[in-house]
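First comes the structure, then the notes that go with it.
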Amino acid sequence: MFYQSRQFSPERLPGDVSRKIGARGGTMMLAEVTFAQPSAEPPSLHSHPHEQVSYVAQGRIVFFLGEESRQL
């Protein structure tokens, strides 16, 4: 599958957050998430039934994996 961000419309989420779902299926999901301002946060701590790969293109964010957290 090829993914080009401009092909997908952003979906507005609470808290000045938007996302573009680029791929979903099998055991993997690809989403591009944008925080409108440095203080924006995801709606709540949550989990997913599928695998995810995350990267930070700009800025910093804290990710949680079980009991472990890391600032990226």
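The values are calculated or read from the model by the stated rules, or taken from the named source; none is laboratory data. All values derive from a computational prediction rather than experimental measurement. Methodologically, a virtual Cβ is constructed for each residue, glycine included, from the backbone with ideal geometry; neighbour enumeration extends over all protein chains shown. Heavy atoms of the whole protein, side chains included, go into the accessibility calculation; ligands, DNA and RNA do not. Shrake-Rupley method; radii C 1.70, N 1.55, O 1.52, S 1.80 Å.
Tabulated data for the structure shown
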| quantity | calculated |
| --- | --- |
| Condition broken by Gly15, with the remaining ones in (1) open to solvent by 60 Å² or more (accessible area, probe 1.4 Å); (2) part of a loop (DSSP other than H, G, I, E, B) satisfied | (1) |
| Residues of the stretch 37-63 satisfying the condition of being farther than 22 Å from Tyr3 by Cβ and open to solvent by less than 90 Å² (accessible area, probe 1.4 Å) | Gln37, Ser39, Ala40, Pro43, Ser44, Val62 |
| Complete set of residues in the stretch 22-34 that are of a type outside the set (S, T, N, Q), modelled with pLDDT of 80 or more and within 23 Å of Gly66 (Cβ to Cβ) | Met28, Met29, Leu30, Ala31, Val33 |
| Checklist (1) in a strand (DSSP E or B); (2) open to solvent by 80 Å² or more (accessible area, probe 1.4 Å); (3) closer than 21 Å to Leu72 by Cα applied to Glu32, failing item | (2) |
| Sole exception among (1) over 22 Å from Gln71 (Cβ atoms); (2) under 9 Å from the mean Cα position of the chain (by Cα) for Arg19, by number | (1) |
